[in-house]
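Here is the structure we will look at, set down as structure tokens.
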Amino acid sequence: IPSRNMDNETKFMITCMLFTAICSSVSSDEWKATVVKSIDALVTSCVVVPCSFSHTGGNLPSSRLRGIWHEKDDKKSNIYHEDYTLIKDSFKERTQMLGRLGQNNCTLEITGVKDHDNGPFCFQVELVRTENNDPTKYKFSFVEDCVELNMLTEPPKPAVIKPKTATLGEPYTVTCSVIHTCPTHVPKLSWNLDSTNIIVHHKDIKHGNWEMQSILTFIPEEKDDNREITCTAEFNGGLKSSETFTLHVKRIENYNHIIIPAVVGIGTALLFGIFCIFMRIKLSVNKKETFLLSSVSRLSCR
Ligand SMILES: *[C@@H]1O[C@H](CO)[C@@H](O)[C@H](O)[C@H]1NC(C)=O
């Protein structure tokens, strides 16, 4: 019996030592997560939260990492987990880890955003060590790096950039853009005008924000004067917003009516001015000449 006790004690001691060794080796590694602090999220649409993490102990194989997103107030309230049964009911089938953990990317997508999804939500990485078929989990929680969703119940209005006037028969270019946070299901921009010349750009403007741009070019006709032009943004989930402006088309002849008389007028004035100056110079020269002549004649007379 005493030898058995000794055995148990030794086992306990060894376990303790092992545990301390593993824990200290793990805690000496620096773990850091970089999550965007706050991001706009449009209700009914999706939101993609950029997230990355690093570990000074070198890169870890993805098979040993488990990524979890949970509510800040309640660590057990998972909004994303590899084990579906461990996800909070209201988030089931709405969250996806877009980033690859093996590439230190913990980017999260939430679809069908609801107005109470504001968070904050925090990323947590779980390091799974499988030794002698006995999986032991070590959890590291980056609660200091959480994201808050700024809920938008109304979609943002598109912004329109255009030249002040359009000229009849000359190409006219208008740009419509909208900022969003759902790059996996981008908003669609459309115009109330038929044109085959539409260029679409989509760019990352950092911190989880993206810009969708539609550049329309068309040749205005006479009937387009005072026409209302609308750019409509349709977001994932169906919400729409639009921006309208009135087109003013100018004719090229209109300028000629102003420019030609103006040029003629200025030209005439200039000519008249030059003529006057010339005449004045001539007059004064004549005066001097007469003065000189008269003095000369006076002298010669004497
Ligand atoms: C992380 O993953 C997302 C989704 O696949 C991707 O868009 C993003 O560029 C990745 N970030 C980095 C830093 O690689």
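The values are calculated or read from the model by the stated rules, or taken from the named source; none is laboratory data. Here the structure is a predicted model, which is why all the values come from computation and not from measurement. Cβ atoms come from the backbone with ideal geometry, glycine included; neighbour counts cover every protein chain shown. Accessible surface areas use protein heavy atoms only, side chains included; no ligands, DNA or RNA. Shrake-Rupley method; radii C 1.70, N 1.55, O 1.52, S 1.80 Å.
Just the number please: accessible area per residue for region 159-250, 1.4 Å probe, all protein chains included, in Å².
55
Using Cα pairs closer than 8 Å and at least 6 residues apart in sequence, work out the relative contact order for region 159-250, in percent. Working shown, then result.
Values: 195 pairs, mean separation 31.8, N = 92.
Relative contact order here is 35 percent.
Which order do peptides 210-217, 196-203 fall in by mean Cβ count within 10 Å, highest first? The partial results should precede the final answer.
Details: 210-217: 17.9, 196-203: 11.0.
Descending mean neighbour count gives 210-217, 196-203.
Which cross-chain or sequence-distant (5 or more) residues have an amide H under 5 Å from the amide H of His248, H modelled 1.01 Å from N in plane?
Ala166, Asn226
Of the heavy-atom accessible surface of region 159-250 (probe 1.4 angstrom), what whole percent is carbon and sulfur? Could the numbers behind the result be given before it?
Numbers: 2520 of 5060 Å².
On region 159-250, the fraction of accessible area on carbon and sulfur atoms equals 50 percent.
Report the FRET efficiency, 1/(1 + (r/R0)^6), for Ile179 and Glu93, where r is their Cβ-Cβ distance and R0 is 35 Å, rounded to 0.05.
Values: r = 27 Å, r/R0 = 0.78.
Calculated value: 0.80.
Using only Cα positions of region 159-250, each an equal point scatterer, no hydration layer, compute I(q)/I(0) via Debye at q = 0.13 Å⁻¹ and quote the log10 values to two decimals.
Values, matching the q order: -0.45.
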